[in-house]
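Undergrad: Mind looking over this structure? Questions follow.
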Amino acid sequence: MTTTGADDEQSGTDLASRAARLMRSSLLHGTGLVAVALGIAQIAAYVVNVVAARALGPDEFGIVAAMLGLILIGNVVALGLQAVIARLIVASDSTKAAIGSQGLRLGLASAAAICLAALAITPAMAWLLDLSNWWPLLWVALTLAPLTWIGAQLGVAQGRESFARLALIYASVGLGRGIGGVVGALIGSSAAATLFGIMVGSVCGAFIGRIAVAPLHASDHRPIRPLMHPVAHATHALFALFLLTNIDVVLARALLPADQAGDYGVGSIVIKIAFWLPQFVGIIAFPRLADARRSRTLIITLATVAGLGSVIVLTTAAVPGLVVAAVGGPQYESLVPIVWLFALIGALFALAQVLLLARLAVDDRRAVLAIWIAVIALGVNAVLVLPRTVTGIATAVAIAAALLCIIGLAYTLREYRQGTPATSNDDHLPS
């Protein structure tokens, strides 16, 4: 009996070990797929900008750049939907498919709402941006609808940890927008045509995404209202982070001479590259940050993002001239001595984003306060304390990013000491 019991125990250990290896292999495969899909989407977006800049000329491309900025702002709602739906699906024990259906219906309702809101402010935006016609703004409003619905689809796939479907959606939307924008720019040779192409590509991506997540949800008719408040909170937090990571370009334009503002604009590209490169890590980790796997996942995720950020900063510091030449060209050689600082800012922002996702994963609604503190610190240092130079503004941004990371890491350390994640709300879907 003793021998049999020992054999059974050994067999159970082997099965557990095999299951763990299979899970790690699946996770690595999913991480690779999502990383590649996000890379495809980023390259497609870059190609649209390059082609539009050459095909349209400065005036029309200026309109496209402004409209893409508006799309980026409006897409924060989609990010909020994605985070909340994914969290609720992970937190649910037996109603994952039903919550997926509920989330998709909320996505459709949110898509209609943000489209109508964008249409309502079109006259004011046309006046503010000094546009001679409203067509670009119309296509922006219609683009936000499919992108918001896509946010719900991403949340369903992410919450169910179906990373192949998640990657398919990211790639489909990225390629759809990229191909549509390029075709619109080349054929129509106008900002309106370019944005129309992006809108058509976004719609195509949304329908592909809907097909991709079809097996992950079941028919459900529960009201969507209980989801609205959590989505509003997540959207608020992500909008605050978006403001923190983008306001520096506005400050540079307002505080610096035109040529220095242009230099800072090139430096901001380095920030964005360092910020977005580790994005796939947080996307893969988010579902595991919302359940019993949280503690180990958080340590691994923070270490991975910090490691990737360190590599980016060290590489930039080692070959600053090559980085500046690749991003901006030889006319921006003045950035060579400080380009590492822009890489550091992006790496700190990437770490801050993961720390925010870790709080959103347990519905901690106090985390947004830290972001607003960082925004205020950035504004005060840039306007009142530090010199109004490219280095001065970059230093102000670096201080704000470091402050946010310190607050987030301190809160994470406190969580580990207490043994349980601090939350302000119940993690399950309200009835």
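Undergrad: In the stretch 82-139, how many residues are without any contact (Cβ under 8 Å) to a residue 12 or more places away in the chain and of a type in the set (Gly, Ala, Ser)?
TA: The qualifying residues number 7.
Undergrad: Residues Phe196, Phe280: which one is over 30 Å from Thr389 (Cα atoms), in contact with a Ser or Thr (Cβ under 8 Å, 6 or more places away or on another chain) and not charged (D, E, K, R)?
TA: Phe280
Undergrad: Only one residue in Pro320, Pro330 is surrounded by fewer than 17 Cβ atoms within 10 Å (Cβ to Cβ) and over 22 Å from Val281 (Cα atoms). Which one?
TA: Criteria check complete, one pass: Pro330.
Undergrad: Among residues belonging to the stretch 12-53 that are within 26 Å of Phe196 (Cβ to Cβ) and either of a type in the set (S, T, N, Q) or in contact with a Cys (Cβ under 6 Å, 6 or more places away or on another chain) (or both), point out the one that is modelled with the highest pLDDT.
TA: So the residue we want is Gln42.
Undergrad: Could I ask something else about it? Would you confirm whether any residue within the stretch 40-49 is touching a residue at least 40 places away in the same chain (Cβ under 8 Å) and farther than 30 Å from Phe163 by Cα?
TA: Scanning the stretch 40-49, I find no residue that is touching a residue at least 40 places away in the same chain (Cβ under 8 Å) and farther than 30 Å from Phe163 by Cα, so the answer is no.
Undergrad: In the set Ala343, Ala303, Ala254, which member is in the same structural domain as Ile376 (by TED's automatic domain parsing) and more than 22 Å from Ile371 (Cβ to Cβ)?
TA: One residue alone meets the criteria, Ala303.
Undergrad: Next question, about the same structure. Could you look through the stretch 204-231, keep only residues that are modelled with pLDDT under 80 and in a helix (DSSP H, G or I), and pick out the one that is surrounded by the fewest Cβ atoms within 10 Å (Cβ to Cβ)?
TA: Selected residue: Arg225.
Undergrad: How many residues are in contact with a Gly (Cβ under 8 Å, 6 or more places away or on another chain) and crowded, with 24+ Cβ neighbours inside 10 Å when one looks only at the stretch 50-89?
TA: The qualifying residues number 13.
Undergrad: Which condition from (1) at pLDDT below 75; (2) closer than 23 Å to Gly188 by Cβ is the one that Leu56 breaks?
TA: So the condition that Leu56 fails would be (1).
Undergrad: Another question, then. Any idea how many residues of the stretch 157-195 are more than 23 Å from Met67 (Cα to Cα) and aromatic (Phe, Trp, Tyr)?
TA: Summing the residues that are more than 23 Å from Met67 (Cα to Cα) and aromatic (Phe, Trp, Tyr) in the stretch 157-195 gives 1.
Undergrad: Could you tell me how many of the residues in the stretch 303-317 are hydroxyl-bearing (Ser, Thr, Tyr) and surrounded by fewer than 17 Cβ atoms within 10 Å (Cβ to Cβ)?
TA: Summing the residues that are hydroxyl-bearing (Ser, Thr, Tyr) and surrounded by fewer than 17 Cβ atoms within 10 Å (Cβ to Cβ) in the stretch 303-317 gives 2.
Undergrad: Scan the stretch 277-291 residue by residue and report those that are crowded, with 17+ Cβ neighbours inside 10 Å and either out of contact with any Leu (no Cβ under 7 Å at 6 or more places or on another chain) or hydrophobic (A, V, I, L, M, F, W, C) (or both).
TA: Matches in the stretch 277-291: Leu277, Phe280, Val281, Ile283, Ile284, Ala285, Phe286, Pro287, Arg288, Leu289, Ala290.
Undergrad: Look through the stretch 153-165, keep the residues that are part of a helix (DSSP H, G or I) and over 14 Å from the mean Cα position of the chain (by Cα), and return whichever of them is farthest from Ala192 (Cα to Cα). Walk me through how you get there before you give the answer.
TA: First, pick out the residues of the stretch 153-165 that are part of a helix (DSSP H, G or I): 153-159, 163-165.
Subset that is over 14 Å from the mean Cα position of the chain (by Cα): 153, 156-157, 159, 163-165.
Values: Gln153: 28, Val156: 33, Ala157: 33, Gly159: 36, Phe163: 35, Ala164: 34, Arg165: 32 Å.
By that ranking, first place goes to Gly159.
Undergrad: Filter the stretch 237-248 down to the residues that are buried (at least 18 other Cβ atoms within 10 Å of the Cβ) and aliphatic (A, V, I, L, M) and list them by number.
TA: Let us first name the residues in the stretch 237-248 that are buried (at least 18 other Cβ atoms within 10 Å of the Cβ), namely 237-238, 240-241, 244-245, 248.
Answer for the stretch 237-248, where residues must be buried (at least 18 other Cβ atoms within 10 Å of the Cβ) and aliphatic (A, V, I, L, M): Ala237, Leu238, Ala240, Leu241, Leu244.
Undergrad: Moving on. If you check Gly392 against the conditions, is it over 21 Å from Ile283 (Cα atoms), within 24 Å of the chain's Cα centre (by Cα), assigned by TED's automatic domain parsing to the domain that holds Tyr264 and not hydroxyl-bearing (Ser, Thr, Tyr)?
TA: Spelling it out, it is not the case that Gly392 is over 21 Å from Ile283 (Cα atoms), within 24 Å of the chain's Cα centre (by Cα), assigned by TED's automatic domain parsing to the domain that holds Tyr264 and not hydroxyl-bearing (Ser, Thr, Tyr).
The values are calculated or read from the model by the stated rules, or taken from the named source; none is laboratory data. These numbers come from a predicted model, not from an experiment. Here Cβ is always computed from backbone atoms with ideal geometry, including for glycine, and neighbour counts include all displayed protein chains.
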